[in-house]
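Below is one structure, written out as structure tokens; comments come after it.
The values are calculated or read from the model by the stated rules, or taken from the named source; none is laboratory data. Please read these numbers as outputs of a predicted model, since none were measured by experiment. Note that we place each Cβ from the backbone using ideal geometry, even for glycine, and neighbour counts take in every protein chain shown.
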Amino acid sequence: MKDAFSKMHPVTNLIFFAAVIAFSMFLMHPVCLMLTLICAVLYAVYLSGKKAVLFGLRFLLPTALFLIIINPLLNHRGVTIIEYLPWDNPLTLESIIYGFAAAMVICSAAMWFHSLNRVMTSDKLIFLFGRIAPALGMVLSMALRFIPRFAEQFRQTRLAQKQFSAEKTSLKGRVKSAAAVFSTVISSSMENAIDTSDSMKSRGYGLKGRTSYKRFRFTRDDALAVAVMLADIAALITMLVFGKLKFRYFPSIKGNIWDIYAVLFYILYLILLLTPILISGKEGYKWKRSKSKI
């Protein structure tokens, strides 16, 4: 079942995801990174359940570990030297902490995109961009569904190959088998993309005056949510522009963590990050209250 935020107007969804993904990728303050990662995981689990956890364990955890390990080996900036590596380059505390920060950025952005893929469906993207930029709308729609469809098709093709041919145990055999599956899936994906493009063109997609097959109403709840989010975003950007939240990793770790401006920034940022959960919680409360009156 979709949450209440998923059922809101596409403009409301787009503003939220554009804001949180932008802040997640460019805001390197450690407290903000932790808040972003926690909220991204919470919302992904709320939407997908165990699938989000499996996605994090299978794909994000190895990526995070790789960044944490590789960054201190390649980045030698920082004044706090812990040890010298065998090739005489310094291992610094700042580079290690920055590796953790970079890993949180990647994981947070990936989890937000995971939720974006569930909330921003193809009909919403076509509704938003079908008139002003039809080509962009179709490309975004196809791109968001490409990864899950590609993964599922790869799994099915791999399974079919196992059924019709004996599994090769040698490394060379496994590599050739995986390459054959990958080539098949790529060819099938390109054919599907061409078929989709031809189908949309034959149905008049992008023509002037063409309406969307699904209508979305911008309600009072949408207006309130958009107003609150825009005010929150404006306040956060204003505080960043005037330097109320500062943090650096190099050459030494320094920044404001618990002063009054930083705490105010955390509160405003947390409100923005929790917008979908707060909206869904509000709708759930209204539903339970209406049931209790029956």
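Consider S290 carefully, then state whether it is among the small types (G, A, S), in contact with an Asp or Glu (Cβ under 8 Å, 6 or more places away or on another chain) and either under 23 Å from Y98 (Cα atoms) or not in a loop (DSSP other than H, G, I, E, B) (or both). Answer is no for this residue. If the condition is being surrounded by 16 or more Cβ atoms within 10 Å (Cβ to Cβ) and either outside the structural domain of S115 (by TED's automatic domain parsing) or over 19 Å from I38 (Cα atoms) (or both), then the range 241-282 contributes K244, L245, F247, Y249, I253, N256.
Counting the residues of the range 12-35 that are under 11 Å from the mean Cα position of the chain (by Cα) and under 19 Å from A102 (Cβ atoms) gives 5.
Looking across the range 256-270, the residues that are under 27 Å from A44 (Cα atoms) and either within 18 Å of the chain's Cα centre (by Cα) or touching a residue at least 40 places away in the same chain (Cβ under 8 Å) (or both) come down to A262, F265, Y266, Y269, L270. You will find that of L268, L264, L272, L230, the residue that is in contact with a Leu (Cβ under 6 Å, 6 or more places away or on another chain) and modelled with pLDDT of 95 or more is L268 and no other.
Every test in (1) in contact with a Ser or Thr (Cβ under 6 Å, 6 or more places away or on another chain); (2) within 23 Å of W258 (Cα to Cα) is passed by F23 save one, and that test is (1). For the range 76-95, filtering for residues that are touching a strand residue (DSSP E or B) at 6+ places or on another chain (Cβ under 8 Å) and of a type in the set (S, T, N, Q) leaves 2.
Among the residues examined, P30 does not qualify as under 17 Å from L116 (Cβ atoms) and either assigned by TED's automatic domain parsing to the domain that holds W112 or in contact with an Asp or Glu (Cβ under 6 Å, 6 or more places away or on another chain) (or both).
Just one of (1) at pLDDT below 90; (2) in a helix (DSSP H, G or I) fails for G78. It is (2).
The residue pairs whose first member lies in the range 74-92 and is under 19 Å from Y249 (Cβ atoms), whose second member is of a type in the set (K, R) and surrounded by 11 or more Cβ atoms within 10 Å (Cβ to Cβ), and whose beta carbons are closer than 7 Å, counting only pairs six or more residues apart or on different chains, are T92/R77. Closer than 30 Å to L128 by Cβ and either under 24 Å from the mean Cα position of the chain (by Cα) or basic (K, R) (or both): is that true of V241 in this structure? Answer is no for this residue. Kindly establish whether A235 is in contact with a helix residue (DSSP H, G or I) (Cβ under 9 Å, 6 or more places away or on another chain) and either at pLDDT below 90 or closer than 30 Å to K7 by Cα (or both). Yes; evaluated as a whole, the condition is true for this residue. For the criterion of being in contact (Cβ under 8 Å) with a residue 40 or more places away in the chain, buried (at least 19 other Cβ atoms within 10 Å of the Cβ) and not acidic (D, E), L42 fails.
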